[in-house]
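S.K.: Pasting a structure here, questions to come.
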Amino acid sequence: MAQTKHKFPEFNHPPVYETVLGLHFSPLKVFSIPHFGLYWAKIRDEYPQQELRPPLSPAIEQFESNLWKETRPKVEFLPMSEVRCWFVRTDGTRLLQVQRDNFLQNWRKIQDTDVYPHYANLKPQFFKEWQTFCNFLEEEKIEIPVVNQCEVTYINHIDMGQGWKSYNELSKVLACWSGQCSGDFLPDPESININSRYLLPDKKGRLHISLQPAIRRRDAKEILRLSLTVRGKPESSNWDHISKWLDLGHEWIVRGFTDITTKQMHDLWGRTL
């Protein structure tokens with residue numbers, strides 16, 4: 001008997017504020033400052049704005065026995081040529097981030113009227129941009145990237161006043177938070193930060209979840225910033241393997257987000273499945 005594939009949870013108006021689909025690869029040896037301009041010429045009609053940013057530091061998932069050793073911040077001295085370039089659409093909702101060892105696509109909510117386009121639309125767009133980038137590298141006789149990690153990130157903004165009013169009501173937002181103490185000494189918390197991580201089956205990656213209070217820059221509203229990031233290594237640099245891993249990462253984010261949040265908030269966000 002054929003089995004029906006279990007559907008993901010779905011929401012009519014999820015609190016998604018930003019998404020990232022990205023690939024990390026071995027540094028391209030001959031990719032340098034002029035190549036950013038040459039690549040921009042290929043995509044400038046669609047991404048007419050550009051910004052230079054400091055490069056992202058590697059964040060590669062490790063699974064060795066010393067994983068639980070504390071990691072401390074370290075100072076890295078990078079060559080002057082190491083930069084990251086943003087290529088941004090006119091409305092600011094989509095951008096590409098490119099550096100010698102990273103390629104990422106962001107969707108961002110800029111206006112209240114901007115609607116999350118859903119993963120089913122973001123992934124084909126990401127494939128299109130990745131293919132354009134790889135074709136550009138081939139034209140410039142630069143080596144094809146060897147992908148060693150994929151990333152899927154979803155950042156959610158949960159506005160104060162929408163299902164919760166203070167930090168002693170965090171249990172109305174997070175299913176894993178009781179807010180109860182064993183005594184009556186402590187007052188209501190002034191602020192709460194939560195970080196957790198979960199191992200994917202067969203060490204295919206790791207899900208990182210963080211929640212922290214923030215003030216949204218766009219409108220100065222107080223929010224909870226709930227971020228979910230899945231990183232891991234695909235079987236190869238072949239797009240079929242990358243695509244399969246991105247689907248896995250997206251599944252863990254959707255199911256992880258649903259597990260960690262409450263039914264009360266699901267109703268508020270219009271859960272349909």
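S.K.: For region 158-228, what class follows from the C-alpha gyration tensor (a ≥ b ≥ c being the square roots of its eigenvalues): rounded when a/c is under 1.5, otherwise prolate if a/b is larger than b/c, else oblate? Before the final figure, lay out each step's value.
M.R.: Details: a/c = 2.57, a/b = 1.28, b/c = 2.00.
Here region 158-228 falls in the oblate category.
S.K.: Quick one: give the max-minus-min coordinate of the C-alpha atoms of region 177-266 along each principal axis, largest first, in Å.
M.R.: Result for region 177-266: principal-axis Cα extents of 55, 37, 22 Å.
S.K.: Among the lysines, which fall within straight-line cross-link reach of residue 128, defined as a Cα-Cα distance under 24 Å, with same-chain neighbours fewer than 8 residues apart omitted?
M.R.: Here the lysines satisfying the reach criterion relative to residue 128 are 29, 42, 109, 141, 233, 244.
S.K.: Continuing with the same structure: Does region 114-273 come out rounded, prolate or oblate, given a ≥ b ≥ c as the square roots of the eigenvalues of its C-alpha gyration tensor, rounded meaning a/c under 1.5 and, failing that, prolate meaning a/b above b/c?
M.R.: Details: a/c = 2.50, a/b = 2.09, b/c = 1.20.
Since a/c reaches 1.5 and a/b is larger than b/c, the shape of region 114-273 is classed as prolate.
S.K.: Rounded, prolate or oblate, given the Cα gyration tensor of the chain, with a/c below 1.5 counting as rounded?
M.R.: Values: a/c = 1.62, a/b = 1.61, b/c = 1.01.
In terms of gyration-tensor shape, prolate.
S.K.: Enumerate the aspartates and glutamates that residue 221 could reach by cross-link, defined here as Cα to Cα under 15 Å, with residues fewer than 8 away along the same chain left out.
M.R.: By straight Cα distance, residue 221 reaches 112, 159.
S.K.: Determine which lysines satisfy two conditions relative to residue 263: a Cα distance under 21 Å, and not lying fewer than 8 residues away in the same chain.
M.R.: 7, 165, 172
S.K.: Taking 2.2 N^0.38 Å as the expected size of a compact globular protein, what ratio does the Cα radius of gyration of region 112-191 give against it, to two decimals? Please report the intermediate quantities before stating the final value.
M.R.: Values: Rg = 22.4 Å, N = 80, 2.2 N^0.38 = 11.6 Å.
After normalising by residue count via 2.2 N^0.38 Å, the value is 1.93.
S.K.: Rounded to the nearest whole Å², what accessible area per residue is found for region 93-212 with the 1.4 Å probe? Intermediate results must be reported in sequence, preceding the final value.
M.R.: Working: 6310 Å² over 120 residues.
Averaged over the residues of region 93-212, the accessible area is 53 Å².
S.K.: With every protein chain left in place and a probe of 1.4 Å, what is the accessible surface of residue 82, to the nearest 10 Å²?
M.R.: Spelled out: residue 82, probe radius 1.4 Å, area about 40 Å².
S.K.: Quick one: how many Å² of residue 239 are accessible to a 1.4 Å probe, rounded to 10?
M.R.: 50 Å²
S.K.: Another question, then. Would you please give the residues with an amide H less than 5 Å from that of residue 237, counting only those at least 5 places away or on a separate chain, with H modeled from the backbone geometry?
M.R.: Residues meeting the amide H criterion: 147.
S.K.: When the accessible area of region 100-172 is computed with all protein chains present and a 1.4 Å probe, what percentage of it is carbon and sulfur?
M.R.: Details: 1630 of 3320 Å².
Summing carbon and sulfur atoms, their accessible area is 49 percent of the total for region 100-172.
S.K.: On to the next question. To the nearest 10 degrees, how steep is helix 119-139 against the longest Cα principal axis of the chain, on a 0 to 90 scale?
M.R.: 20 degrees
S.K.: Still on this structure: Below 8 Å, C-alpha to C-alpha, sequence gap of six or more: please give me the relative contact order for the chain in percent. Could the numbers behind the result be given before it?
M.R.: Values: 436 pairs, mean separation 70.0, N = 273.
Result for the chain is 26 percent.
S.K.: I've got another one for you. Using the Karplus curve 6.51 cos²θ - 1.76 cosθ + 1.60 with θ = phi - 60°, what ³J(HN,Hα) values do you get for each residue of region 36-50, in whole Hz, with x for Gly and Pro?
M.R.: 4, x, 5, 5, 4, 4, 6, 10, 5, 4, 8, 10, x, 10, 9
S.K.: Which one of 238, 142, 265 has its Cα pushed farthest toward the positive end of the charge dipole of the chain, where Lys and Arg give +1 and Asp and Glu give -1 at the Cβ?
M.R.: 238
S.K.: Can you tell me the dipole magnitude for the chain around its Cα centre, using point charges on the Cβ only (Lys, Arg +1; Asp, Glu -1), in Debye to the nearest 20?
M.R.: Working: 35 positive and 34 negative charges, 25 e Å.
It comes to approximately 120 debye.
S.K.: Which value at 222 nm does the chain reach when only helices count, each DSSP H run of 4 or more adding -39,500 (n - 2.57), with the total divided by all residues and rounded to the nearest 500 deg cm²/dmol? Walk me through the numbers before you get to the answer.
M.R.: On the way: 4 runs with 60 residues, N = 273.
About -7000 deg cm²/dmol.
S.K.: Now for a separate question. Once ligands and nucleic acids are excluded and a 1.4 Å probe is used, how much of residue 233 is accessible, expressed in Å² to the nearest 10?
M.R.: 140 Å²
The values are calculated or read from the model by the stated rules, or taken from the named source; none is laboratory data. This one's a predicted model, so the numbers in the text were calculated from it and none came from an experiment. Neighbour counts are summed over all protein chains in view; Cβ atoms, including those assigned to glycine, are modelled from backbone coordinates with ideal geometry. Side chains are part of the model used for accessible areas, which takes the heavy atoms of the whole protein and leaves out ligands, DNA and RNA. Shrake-Rupley method; radii C 1.70, N 1.55, O 1.52, S 1.80 Å.
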